[in-house]
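Report on one structure; see the data block that follows.
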Amino acid sequence: MIKRNFLLLMASGQLSREEALECTRCRHACHVMLYSDTKSQLFGKFPIRHIILMQMRFDGLLGFPGGLVDPSKETLEEGLTRELSEELGLPLPISVEDHVESCFAPPSSPPFSSPFSSRLMLHFYVKKIEEEQIREVERVAASTATDHGQEVLGMVRVPLYTMKSGGGLAHFLSHSFIGNARSQLVSSLLRFNMASLEELRKALTRSQEIHSQNAESLRAALSLTGAQRKQL
Ligand SMILES: O=c1[nH]cnc2c1ncn2[C@H]1C[C@H](O)[C@@H](COP(=O)(O)OP(=O)(O)O)O1
């Protein structure tokens with residue numbers, strides 16, 4: 001059983017932190033999912049359960065806070081802590097114990113990277129903090145963080161609930177994410193028991209449907225710009 005799990009892990013492309021650091025010719029990027037538990041409810045009836053922070057990046061994609069780190073100059077965790085102070089505006093030390101997974105970035109990441117740039121190794125961390133700390137991060141990130149309004153357009157929370165209308169997690173998952181950020185989110189929700197396998201399967205299936213509907217509405221919006229051009 002252990003061997004089977006190990007083989008599955010290898011097939012999934014996951015590397016240990018140490019294995020990943022052996023790639024000295026790679027660029028390394030570290031990102032973190034910060035979360036807290038909460039008892040609050042949306043509209044007084046949908047339990048929010050956990051506050052999970054992601055961000056709207058400068059390129060319009062959703063991702064986690066973090067960035068590029070040069071392991072020859074600093075440890076991965078020092079680099080990630082430095083990136084967090086720029087993006088979130090306050091010290092939030094990340095340690096080796098918060099490391100969850102490392103892997104090569106998918107070939108399409110980032111979307112417009114040059115075929116000549118060296119391979120990108122992604123290191124992912126998850127850190128649980130208090131609800132009050134999460135609220136403080138949101139306040140400071142939007143007011144004093146140096147990257148606010150530049151590299152980071154805003155912090156966003158991940159809705160874990162599903163409303164009668166279907167609104168919630170499925171819509172969130174249907175947005176566009178940088179690199180493997182969507183997989184990082186989904187696997188962390190499972191790993192830390194924040195959503196069940198069944199909930200995630202349902203939400204992701206619904207996300208695929210929403211995606212096809214979005215394609216329709218994009219076609220409609222595009223045809224609108226065509227009509228406007230003719231009028232000019
Ligand atoms: O959240 C993420 N999950 C996985 N990969 C990511 C995430 N955010 C970015 N990336 C990839 C793609 C980026 O080009 C590199 C570098 O990250 P970034 O945060 O853009 O780094 P800098 O701010 O430029 O240092 O990682």
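Pairs are defined by a Cβ separation below 8 Å, a sequence spacing of at least 6 or placement on different chains, a first member in region 179-190 that is open to solvent by 30 Å² or more (accessible area, probe 1.4 Å) and in a helix (DSSP H, G or I), and a second member that is of a type outside the set (V, I, T) and more than 9 Å from the ligand (Cβ to nearest atom); the pairs so defined are R182/L173; S187/E101; L190/L197; L190/L200. I'd like to check something: does region 210-222 contain any residue that is under 25 Å from K39 (Cβ atoms), at pLDDT below 95 and not in a strand (DSSP E or B)? No, the conditions are met nowhere in region 210-222. Scanning region 85-97 for residues that are within 11 Å of the ligand (Cβ to nearest atom) and within 30 Å of T162 (Cα to Cα) yields a total of 1. Inside region 42-78, residues that are more than 13 Å from the ligand (Cβ to nearest atom) and either touching a residue at least 60 places away in the same chain (Cβ under 8 Å) or farther than 24 Å from P93 by Cα (or both) make up a count of 10.
Taking region 191-209, which residues are part of a loop (DSSP other than H, G, I, E, B) and either out of contact with any Phe, Trp or Tyr (no Cβ under 9 Å at 6 or more places or on another chain) or more than 25 Å from C30 (Cα to Cα) (or both)?
Residues satisfying the conditions are N193, A195, S196.
The values are calculated or read from the model by the stated rules, or taken from the named source; none is laboratory data. Keep in mind the model is a prediction, meaning the values are calculated, not measured. Counting neighbours? That spans all protein chains shown, and the Cβs are built from the backbone with ideal geometry, glycine included. Each accessible area value is taken on the protein alone, full model and side chains, heavy atoms only, with ligands, DNA and RNA left out. Shrake-Rupley method; radii C 1.70, N 1.55, O 1.52, S 1.80 Å.
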